[in-house]
Amino acid sequence: MCSYNYCYSYCYLHMEVVALCPNNNEVHIYRLVEDKWEKVYVLQKHDQVISGIDWSARSNRIVTASHDRNSYVWNLEQSEWVPTLVILRLNRAALCVQWSPKENKFAVGSGAKTICICYYEQDNNWWVSKLIRKRHNSSVTSVSWHPDNIFLATTSTDGKCRVFSTFIKGVDAKDSKKGTSSDSKFGELIVQLDLSSSWTFGVKWSPSGNTLAYVGHNSMIYFVDDVGPSPLAQNVVFRDLPLRDVLFVSERKVIGVGFDCNPMVFAADERGTWSFVRYLGERKAVSSASRYGSQFSEAFGKFYGQSKHGVNNDAVETSRTRGTVHENCINCIIPLGDHGKMIRRFSTSGLDGRIVVWDLENEQDLLE
């Protein structure tokens with residue numbers, strides 16, 4: 001997430017609900033009632049701006065992280081959200097947070113070059129944090145859990161993407177079917193990817209956990225298969241403004257959002273080669289010197305270069321008018337509802353203060 005206007009949206013059960021931070025130390029929760037958004041809760045506990053929000057789907061708990069170096073877990077008891085303080089033991093701001101797939105842990109990235117893995121200790125009735133230190137050379141900008149609930153991917157302003165083991169005895173169970181994931185020790189560095197020459201953001205795993213994607217501030221997006229000692233990496237280069245976050249809508253399709261204010265669609269072909277496809281809402285693939293229409297705006301096409309295994313191809317673009325639904329940087333993209341392995345609805349939020357819900361039902365090429 002970005003360090004200005006933090007927003008997080010979530011669709012819970014049959015009710016449309018959204019939680020967001022309006023660039024201060026509060027969380028506002030809105031509910032859709034008869035086609036109108038009504039503010040139903042204001043969560044107040046942090047002393048400084050909130051930098052991350054995540055809402056667990058099954059346990060219905062909200063976790064927040066803030067520049068005040070603390071985290072809170074919020075539980076809905078009767079009609080009130082009750083906070084529980086999680087002491088992170090940080091000396092710099094907490095920057096991002098995410099629940100694990102099983103919702104028994106959450107990870108916090110920080111400006112202290114540290115990751116906090118937090119879990120609930122039943123005996124003492126509190127949340128405990130274990131730290132992964134001295135692995136990053138700069139701030140941790142994003143975290144993403146592998147579907148196995150043990151591996152955690154991170155990005156950092158040191159330009160690297162890393163994967164760690166977060167196995168905690170007594171919290172995670174040993175599973176022989178998972179192979180090396182449950183055999184690794186807490187904090188063990190599984191792989192370090194040094195593919196970018198700039199800050200990195202927005203790391204995400206594919207639904208199967210076989211592919212990892214993240215973006216660089218150099219207008220590149222990176223895809224990594226077979227994450228481990230010998231990963232297979234490729235990158236797509238585009239002559240446009242950088243991305244800030246990505247989302248796998250299926251195993252071989254990714255949507256990226258960022259400073260261009262318009263979601264971009266990337267896809268892998270039968271050979272596993274990734275490429276830029278189009279802007280969301282475009283019916284035809286981008287081709288050189290072609291003009292195409294959008295339901296939101298008209299724009300000129302452009303060439304996009306791609307490199308695989310470190311071989312770069314330069315690309316040339318024509319000018320394009322920016323801005324569709326969003327008018328400023330999109331800093332967050334979140335799936336909505338119980339999506340499984342195919343995401344049909346998601347939301348985006350940006351520095352323009354807008355939250356937009358996107359429906360892919362009419363985007364047949366994305367649902368194939």
In sequence order, what are the phi-derived ³J(HN,Hα) couplings for region 325-331 according to the Karplus relation 6.51 cos²θ - 1.76 cosθ + 1.60 with θ = phi - 60°, rounded to whole Hz, with x for glycine and proline?
6, 8, 10, 8, 3, 8, 10
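Can you tell me the alpha carbon radius of gyration of region 1-194 divided by the globular rule-of-thumb value 2.2 N^0.38 Å?
Taking N as the residue count of region 1-194, the ratio is 1.03.
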Heavy-atom accessible area of E188, protein chains in place, probe 1.4 angstrom, given in Å² to nearest 10, is 80 Å²
Would you kindly find the accessible area of Y30, with a 1.4 Å probe and non-protein molecules such as ligands, DNA and RNA excluded, rounding to the nearest 10 Å²?
60 Å²
With labels modelled as points extended 7 Å from the Cα through the Cβ direction, what inter-label distance (nm, one decimal) is found for D183 paired with R239?
4.9 nm
Fully extended contour minus Cα-Cα distance, from K36 to E327, at 0.36 nm per residue
102.6 nm
For region 13-59 and region 113-146, write down the distance between their C-alpha centroids in whole Å.
23 Å
Pair D269, D226: separation of 7 Å Cα→Cβ label points (nm):
2.1 nm
Can you work out the PRE-style zone for H28? Point 7 Å along Cα to Cβ, and I want the residues of region 327-359 with backbone N under 17 Å.
348-357
Which distance in nm do the two modelled labels at K102 and L76 give, with both placed 7 Å along the Cα-to-Cβ direction?
2.5 nm
Treating the beta-carbon of each Lys and Arg as +1 and of each Asp and Glu as -1, no other charges, what is the dipole magnitude of region 1-194 about its Cα centre, to the nearest 20 debye?
800 debye
For T84, T141, what's the largest-to-smallest order of accessible area, 1.4 Å probe?
T84, T141
Over region 1-194, what percent of the accessible surface lies on carbon and sulfur atoms, probe 1.4 Å?
45 percent
At a Förster radius of 25 Å, what calculated FRET efficiency corresponds to the Cβ-Cβ distance of N218 and E251, to the nearest 0.05?
0.45
Once D123 and V357 are pulled to full extension, the length gained, defined as 0.36 nm per residue separation minus their Cα-Cα distance, is 80.1 nm
Per residue, how large is the accessible surface of region 1-194? Use a 1.4 angstrom probe and give square angstrom.
47 Å²
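The values are calculated or read from the model by the stated rules, or taken from the named source; none is laboratory data. Small disclaimer: the values here were computed from a predicted structure and weren't measured. Virtual Cβ from ideal backbone geometry, glycine too; neighbours counted across all protein chains shown. Note: accessible area is taken over every heavy atom of the protein model, side chains too, but ligands, DNA and RNA are not part of it. Shrake-Rupley method; radii C 1.70, N 1.55, O 1.52, S 1.80 Å.
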